[in-house]
Amino acid sequence: MFTVCRATAALTVWLIANSAAASDVQADKDRLLDSLVGQMTLQEKVGQLRMEYASAGPNPQAKLDSIVDGHVGAMFTSPAASQASLRELQEAAAQRSRLHIPLFFAGDVLHGQQTIFPISLGQAASWDLQAIGKSARIAAREATAIGLDMTFAPMLDISRDPRWGRMSEGYGEDTYLTSRIAEAVIPALQGPTLGARDSLMACVKHFAGYGAVEGGRDYNTTDMSARRLVQDYLPPFKAAVDAGAGAVMTALTSLDGVPATANGWLLHDILRQQWQYNGLVIGDHGAVEELIAHGVAEDGERAAQAAFTAGTQMSMRDRYFAYGLPRRVTLGEVTAQQLDSAVRQVLATKYELGLFDDPYRHLQGAPANQDQRLHRAQARDMARRSLVLLKNHDQTLPLSRHARIALVGPLADNAVDILGSWHANGKPDQAVTLRQGLQSGLAGKATLLYAKGANISDNPQAFALLADNQVSFDPRPTETMIAEAVTVARQADVVVAALGEARGMSHEGASRTDLNLPGQQRALLRALKATGKPLVLVLMNGRPLTIGDESQWADAVLETWFSGSEGGNAIADVLFGEYNPSGKLPVTFPRSVGQIPLYYNHLNTGRPFDPARPSVYRSRYYDIDDTPLYPFGYGLSYTDFSVSAPRLSSARLQPGQALQVQVTVRNEGLRAGETVVQLYIRDRSASVSRPVKELKGFEKLALEPGQERQVTVQLSPAALSFVDRNLRWVSEPGWFDVMVGLDSQTVQTASFELMP
Ligand code: NOJ
């Protein structure tokens, strides 16, 4: 008792001291901000609201002059920029500008800086929040070491349309999974305090609705009900805000006719008022100027006003804040108070980043010997966890190390594409290809034969209009390349075909109308199948592909996304059984593009199709088996797991009470392995239709052969709520189904009643 009291007293003293320290910091910050804002000219204030390119451009002196004159507040930096160049810019701001206000530097570090981890969609497939957090921490350490203060990440756009190339940058189709990942990534990037030397501020993007562009065509219009937006698309951003994200980036797209960058409902009513967000809002690249093309501003001056008054505080690479805002202030269309409040926000961001204490905190001299500093072990671990085994007929996998393996395909020895899009400063010569990974995995015990077999696409011109268009093109006729691959396959015991997309195909500005394997890769796979050899398909791609035929032809299929610097080793680990695959799909794989959008948490409709009682007047496509090729949450292992029926702590739940759902999971096979227990609910009847299933909890666990574990997932009262017609989160009494399984399709159900 005594000890408890002493501990409580000590805690109270600590809390008082800490809150006193916090209020001192706040007072210090307020003093500094007041003093600076009080001294600034109109031009200097507007300058703080502008982010410009750090790269020298045609007139480096003019760039330095504009910084010295206080016309720029932050710099958009390529993650490959030299530290010396950034230091020169910072010196111009912190030493030579009138008020010595430092710049902050921001860049796109999405899945690693120098050590490249799997693309975000791949990381999501691990369902391993700890591993995802670790990779973000390493990215933050590497990025701050070369001068970055902020990353334009994570991307939290929910996407149900794989035609959209940017699906690769996010965490898939599910709101719950993406929200939990956001909660893991934000603190990992930002560290315990933003002022720490290796803390990188997160600028979450793209607020909001970008992932639902019509037809999956990048930058296209988004138009959806406010209810769906609030319920399905906004929660990951709310989770990031609650986790302390320092900045938010607006989407380039319009929502219900109002571009996000000028959307006061999103930026003010929801973000500021409802969520009490107190960080910085940055317009995406060129988003202010694009308000003219969107047709909501007549000219640049009005575009600047529309964006600014809606809540966009800083523009990225946009001249109109500079040219437009001062006049709008003079005309009284933008008030001095609005301007000062945005300027204070930018200054507060710099203060929190510790830049007033030390503007060079992230510019301490670039670390030498980058290669030795790579975090290879962690990259390999994350990559292994992200791989999803989609098929394994007759235990084709794992491969024997003594087998003669024919490795074929345009992605088999490809160090460029394996890094994925937004590969920051990841270098192909530091990446391990699948060929290299298999070679070292074989350790001289067997022979690895190789043939490229096909190009990714037959038409090099196809890449000309892609942002990331570095492709190697083999000029030989396809028939020659396929024939060579077949010859190699005939000499082998097993064929591994590494097929998929170039990294630039799953990127910004890279939407597709067809999701087949590009070029002649299908023909290559068919020819390999015809050899009769066991065939393993290793996919490298940034989105679901329509691989119905290919998954029939291949005996085993492994989805590897773009797996990063250590991808080749990680894939070899899985192919040889060194690591037992544990990934689960974070998106649904359709059979055909025509099914899109196809996602697991859809509404039931009034006429759901029941394959057991087929009928014409039911909701489905008649020309296809209208189920997913692979459902959300799906992924195999080299062992078998069983899950018991769910046991509920109560069949009648009082309002505000939590429900414990317990299952027994058992490893029935002969190998140790990991799996993900997934918990879904269905609200059977409510004032609005509720999805047939919604993920509300999961746990990844490791089990030895024969081992079993009780897994308890808690369903909080909030998990039962939804957005009603008045856009309020409510839960309504009635019956709920609880479904538990190892994917979203094969589940066992129990039910409970939420009492009034
Ligand atoms: C535009 C993209 O939409 C955004 O995601 C990115 O962060 C910026 N360009 C900066 O590269």
Does Tyr210 fit the bill of being away from the ligand (no atom under 15 Å from the Cβ) and either of a type in the set (Gly, Ala, Ser) or in contact (Cβ under 8 Å) with a residue 12 or more places away in the chain (or both)? no
Which is away from the ligand (no atom under 16 Å from the Cβ) and surrounded by fewer than 23 Cβ atoms within 10 Å (Cβ to Cβ), of Gly311, Gly300? Gly300
Scan the stretch 323-343 for residues that are open to solvent by 20 Å² or more (accessible area, probe 1.4 Å) and part of a loop (DSSP other than H, G, I, E, B) and report the count. 4
Go through (1) surrounded by fewer than 14 Cβ atoms within 10 Å (Cβ to Cβ); (2) of a type in the set (Phe, Trp, Tyr); (3) in contact with a helix residue (DSSP H, G or I) (Cβ under 9 Å, 6 or more places away or on another chain) one by one and return the number of the condition Trp735 breaks. (3)
Take the conditions within 16 Å of the ligand (Cβ to nearest atom), polar (S, T, N, Q) and either touching a residue at least 60 places away in the same chain (Cβ under 8 Å) or open to solvent by 10 Å² or more (accessible area, probe 1.4 Å) (or both) and apply them to Gln130. Does it pass? no
Within the stretch 344-374, tally of residues that are in a loop (DSSP other than H, G, I, E, B) and of a type in the set (Ser, Thr, Tyr): 1
Looking at (1) open to solvent by less than 20 Å² (accessible area, probe 1.4 Å); (2) at pLDDT 95 or above, which is the one condition that is false for Ala403? (2)
Check off (1) of a type in the set (Ser, Thr, Tyr); (2) within 16 Å of the ligand (Cβ to nearest atom); (3) out of contact with any strand residue (DSSP E or B) (no Cβ under 7 Å at 6 or more places or on another chain) for Thr253 and give me the number that stays unchecked. (3)
Residues being open to solvent by 30 Å² or more (accessible area, probe 1.4 Å) and either polar (S, T, N, Q) or within 16 Å of the ligand (Cβ to nearest atom) (or both): count how many of those fall in the stretch 474-514. 8
Taking Arg543 and the conditions (1) part of a helix (DSSP H, G or I); (2) out of contact with any strand residue (DSSP E or B) (no Cβ under 9 Å at 6 or more places or on another chain), which numbered condition does it fall short on, given that it satisfies the others? (1)
Looking across the stretch 709-732 at residues that are assigned to a strand (DSSP E or B), open to solvent by less than 50 Å² (accessible area, probe 1.4 Å) and out of contact with any Gly (no Cβ under 8 Å at 6 or more places or on another chain), the single one that is nearest to Leu129 (Cα to Cα) is Val711
Quick check on my filter: what residues within the stretch 140-165 are in a helix (DSSP H, G or I) and open to solvent by less than 10 Å² (accessible area, probe 1.4 Å)? Ala140, Ala143, Thr144, Gly165
Condition met for Arg137 (farther than 23 Å from Ala251 by Cβ, surrounded by fewer than 24 Cβ atoms within 10 Å (Cβ to Cβ) and in contact with a His (Cβ under 9 Å, 6 or more places away or on another chain)): no
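Can you find even one residue in the stretch 670-677 that is over 33 Å from the mean Cα position of the chain (by Cα) and open to solvent by 60 Å² or more (accessible area, probe 1.4 Å)? Walk me through it before giving the result.
Taking the stretch 670-677 and keeping what is over 33 Å from the mean Cα position of the chain (by Cα), we get 670.
If we keep only those that are open to solvent by 60 Å² or more (accessible area, probe 1.4 Å) too, we end up with 670.
Yes, the stretch 670-677 has at least one match.
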Can you tell which of Ala287, Ala245, Ala240 is in contact (Cβ under 8 Å) with a residue 24 or more places away in the chain, under 23 Å from the mean Cα position of the chain (by Cα) and within 14 Å of the ligand (Cβ to nearest atom)? Ala287
How many residues does the stretch 378-400 contain that are over 29 Å from the mean Cα position of the chain (by Cα) and open to solvent by 20 Å² or more (accessible area, probe 1.4 Å)? 6
Here the residues within the stretch 553-582 that are surrounded by fewer than 24 Cβ atoms within 10 Å (Cβ to Cβ) and assigned to a loop (DSSP other than H, G, I, E, B) are Asp555, Phe576, Gly577, Glu578, Tyr579, Asn580
Condition (residue is open to solvent by less than 10 Å² (accessible area, probe 1.4 Å), of a type in the set (A, V, I, L, M) and either free of Cβ contacts under 8 Å to residues at least 24 places away in the same chain or closer than 24 Å to Leu110 by Cβ (or both)) applied to the stretch 434-441: is it met by at least one residue? yes
Look through the stretch 149-204, keep the residues that are touching a residue at least 40 places away in the same chain (Cβ under 8 Å) and β-branched (Val, Ile, Thr), and return whichever of them is farthest from the ligand (Cβ to nearest atom). Thr175
Could you please let me know if Leu517 is open to solvent by less than 10 Å² (accessible area, probe 1.4 Å), in contact with a helix residue (DSSP H, G or I) (Cβ under 8 Å, 6 or more places away or on another chain) and either within 16 Å of the ligand (Cβ to nearest atom) or closer than 19 Å to Asp468 by Cα (or both)? yes
Return the only residue of Gly656, Gly697, Gly706, Gly669 being among the small types (Gly, Ala, Ser), within 30 Å of Ala226 (Cβ to Cβ) and not in a strand (DSSP E or B). Gly656
Is it true that some residue in the stretch 217-229 is crowded, with 20+ Cβ neighbours inside 10 Å, within 15 Å of the ligand (Cβ to nearest atom) and within 17 Å of the chain's Cα centre (by Cα)? no
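The values are calculated or read from the model by the stated rules, or taken from the named source; none is laboratory data. Fair warning: this is a prediction, and the values are worked out from it, not measured in the lab. Backbone-built Cβ (ideal geometry, glycine too); neighbour counts: all protein chains shown. Only protein heavy atoms, including side chains, enter the accessible area calculation; ligands, DNA and RNA are left aside. Shrake-Rupley method; radii C 1.70, N 1.55, O 1.52, S 1.80 Å.
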